[in-house]
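Participant: So that we are looking at the same thing, I have put the structure below in structure tokens.
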Amino acid sequence: MAGTLSAANRLAAGMNQFAADLYQKLARANPENLIFSPFNTGAALSMLLEGASGGTASEIAKVLHQVYPDPNYAAALASLTKELMDEANGNGNELSTANAVWVERGFRIRSDYRDKMQALLQGSVGQLSFLDHPEQARSEINSWTEQRTKGRITELFPRGSIDANTRLVAAAAIYFYGKWQSAFHPERTHPAPFQLAGGGAVQTPFMNQTGRFGYAETGAAQILEMKYRASPLVFDVLLPKSRDGLGSLEQEMTADNLAAWLKPVESRTVEVSMPKFRAESQFSLRTALSKLGMATAFTGAADFSGIDDRRDLKLSDVLHKAFVDVAEEGTEAAAATGSAVTMVAMAAAPRLVFRADHPFAFVIRDARTGLILFAGRLTHPG
């Protein structure tokens, strides 16, 4: 059991390094609200990793901060995911993931790749006619994604993103609904100003309560950790101490720093004022992933021979879409990633005040392994 746990922790540590890297790229390119699921994106890239070979596989593994070659990687990821599902579901909470691969009808893929998708990554492998009916195929894949995210992620693949050259599409979906261990009472929700970076403010509903929460401070930020009922998952808010401090904080948000900031979190009595908010993000990850080190996968030099025994496939794009809704009862979040492959009781402490009334960052993570499922920031709650 200890070996399994250490393997899970190693995999989670690598995934979190990937999460921090991707956050940095996306934050620079998207100055507004941001929400994405590094775990979901990592699952989609892992399906491609299992079908890649040579330098292409090495690049994908390096971006994910995983050892390559590692014949046990897919099994470790499957084990970590199953354990997470077993622990995070129930008591009003729901966490689900789904993976799928579709290939061109009649396009032959290796049996070992098919078996690994079905057995280890719990992914279905289906056939669609990209060549003759690309729009119908796109519609079916988008419908699959919408169903797996309870309608929160629609149109993952926009019109034109799948065409007659597409030979394989891989998609991963994640859905989460968690009830707070200490819910906010709706009658205590009142409008108040949310200070915008650079000046100005907007009125937005703020949820309010005083209770026991995880709390820590760094020189530049307050950290609040809110638990979900009977779940290992937690919601961490990283609130800069200055209204315009989010940019500087984000520059320091490496995986190691984040782990160090969260380590001293302890239960304290905190007066919490948190905005209700929902945010959505949608973007192509091609540029970000190329800059992180997996550029070859998008070129004619790509090697996905682990899928079809030939070097005639390349990655055309990786698309990601995510959603989060934070309210009095809990949090709802969903995300999907799609990749199209083409040819070619101590003494009472002083009360602390945590008022999230200016831009902040947040993560939803597994408190046991540290694995980050969702990450993002709120710059404007409207």
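Participant: In the neighborhood of His133, defined by Cβ-to-Cβ distances under 10 Å, what is the net charge if each Lys or Arg adds +1 and each Asp or Glu adds -1?
Facilitator: Net of charged neighbours comes to -1.
Participant: Determine ³J(HN,Hα), in whole Hz, for all residues of segment 32-40 in sequence, where each value follows from phi through the Karplus function 6.51 cos²θ - 1.76 cosθ + 1.60 and θ = phi - 60°; x replaces Gly and Pro.
Facilitator: Values, residue by residue: 8, 4, 9, 9, 7, 10, x, 5, 5 Hz.
Participant: With a/c under 1.5 counting as rounded, go ahead and sort segment 60-171 into rounded, prolate or oblate using the C-alpha gyration tensor (a ≥ b ≥ c being the square roots of the eigenvalues; past the cut-off, prolate if a/b is larger than b/c, else oblate).
Facilitator: Cα axes put segment 60-171 in the oblate bin.
Participant: Among Glu104, Glu329, which comes first, then next, by fewest other beta-carbon atoms within 10 Å?
Facilitator: Sorted ascending by nearby Cβ count, the order is Glu329, Glu104.
Participant: Under the definition of Cα pairs under 8 Å and six or more residues apart, what whole-number percent is the relative contact order of segment 1-94?
Facilitator: Taking the mean separation of contacting Cα pairs over the length of segment 1-94, I get 36 percent.
Participant: Report the antiparallel proportion of the DSSP beta bridges in segment 51-204 as a percent, rounded to a multiple of 5.
Facilitator: Here the share of antiparallel DSSP bridges comes out near 70 percent.
Participant: Answer rounded, prolate or oblate for segment 1-100, using the Cα gyration tensor with square roots of eigenvalues a ≥ b ≥ c: rounded when a/c is under 1.5, else prolate when a/b is larger than b/c, else oblate.
Facilitator: Verdict is oblate for segment 1-100.
Participant: What shape does segment 202-266 have by the C-alpha gyration tensor, where a ≥ b ≥ c are the square roots of the eigenvalues, rounded means a/c under 1.5, and otherwise prolate means a/b greater than b/c and oblate the rest?
Facilitator: Oblate shape, in that a/c is at least 1.5 and b/c is the bigger or equal ratio.
Participant: Enter the Cα centre distance for the pair segment 117-169 and segment 9-34, rounded to the nearest angstrom.
Facilitator: Segment 117-169 and segment 9-34 have Cα centres separated by 25 Å.
Participant: For the residue pair Ser182 and Arg311, what label-to-label distance in nm results when each label sits 7 Å from Cα along the Cα-to-beta-carbon direction?
Facilitator: 5.9
Participant: Another question, then. At 7 Å along Cα-to-Cβ for each site, give me the label-to-label distance between Glu140 and Val344 in nm.
Facilitator: Distance between the two pseudo-spin positions: 2.6 nm.
Participant: Once every DSSP H run of n ≥ 4 in the chain is given -39500 (n - 2.57) and the sum is divided by its residues, what mean residue ellipticity at 222 nm do you get, rounded to the nearest 500 deg cm²/dmol?
Facilitator: -9000 deg cm²/dmol
Participant: Could you work out how far apart the two model spin labels at His190 and Asp132 are, taking each label as a point 7 Å from the Cα in the direction of the beta carbon, and quote it in nm?
Facilitator: Taking the two extended label points, one gets 6.6 nm.
Participant: Further question on the same structure: Among DSSP beta bridges lying fully in the chain, give the percent that are antiparallel, nearest 5.
Facilitator: So the antiparallel bridges in the chain amount to around 90 percent.
Participant: Then there's this: Would you list Lys276, Lys321, Lys314, Lys82 from fewest to most Cβ contacts within 10 Å?
Facilitator: So the residues, fewest neighbours to most, are Lys82, Lys276, Lys314, Lys321.
Participant: Under the definition of Cα pairs under 8 Å and six or more residues apart, what whole-number percent is the relative contact order of segment 251-337?
Facilitator: Worked out over segment 251-337, it gives 27 percent.
Participant: Per-residue HN-Hα couplings for segment 18-25, Karplus 6.51 cos²θ - 1.76 cosθ + 1.60 at θ = phi - 60°, whole Hz, x for Gly and Pro?
Facilitator: 4, 4, 5, 4, 5, 4, 4, 5
Participant: A follow-up question, please. Given the pairs Lys62/Lys241; Lys82/Lys291; Lys116/Lys291; Lys179/Lys276; Lys116/Lys314, which span a C-alpha to C-alpha distance of over 23 angstrom in this model?
Facilitator: Exceeds cut-off: Lys62/Lys241; Lys82/Lys291; Lys116/Lys291.
Participant: Still on this structure, I have one more. Near Ala279, within a Cβ-to-Cβ distance under 13 Å, what is the net charge of the other residues, with Lys and Arg +1 and Asp and Glu -1?
Facilitator: Net of charged neighbours comes to +1.
Participant: Which whole-angstrom value gives the distance between the alpha carbon centres of segment 173-203 and segment 314-376?
Facilitator: What the calculation gives is 14 Å, centre to centre.
Participant: Net charge near Lys321, counting Lys/Arg +1 and Asp/Glu -1 over other residues with Cβ under 11 Å of its Cβ?
Facilitator: Residues near Lys321 contribute -2 overall.
Participant: Using a Förster distance of 35 angstrom, determine the FRET efficiency expected from the C-beta separation of Ser248 and Asn72, and round it to 0.05.
Facilitator: E(calc), rounded to 0.05, equals 0.30.
Participant: Right, something else. Could you work out how much longer the chain between Ala259 and Arg114 gets when fully extended? Use 0.36 nm per residue separation minus the Cα distance between them, nm to one decimal.
Facilitator: Here the answer is 48.6 nm.
Participant: Set the Förster distance to 35 Å, then compute FRET efficiency between Ser284 and Thr210 from the Cβ-Cβ distance, nearest 0.05.
Facilitator: The calculated FRET efficiency here is 0.20.
Participant: At a 10 Å Cβ-Cβ cut-off, how would you order Thr149, Thr154, Thr56, Thr189, fewest neighbours first?
Facilitator: Ascending number of Cβ neighbours within 10 Å: Thr154, Thr189, Thr149, Thr56.
Where a number appears in this text, it was derived from the coordinates with a stated rule and is not lab data. Please read these numbers as outputs of a predicted model, since none were measured by experiment. Cβ atoms come from the backbone with ideal geometry, glycine included; neighbour counts cover every protein chain shown.
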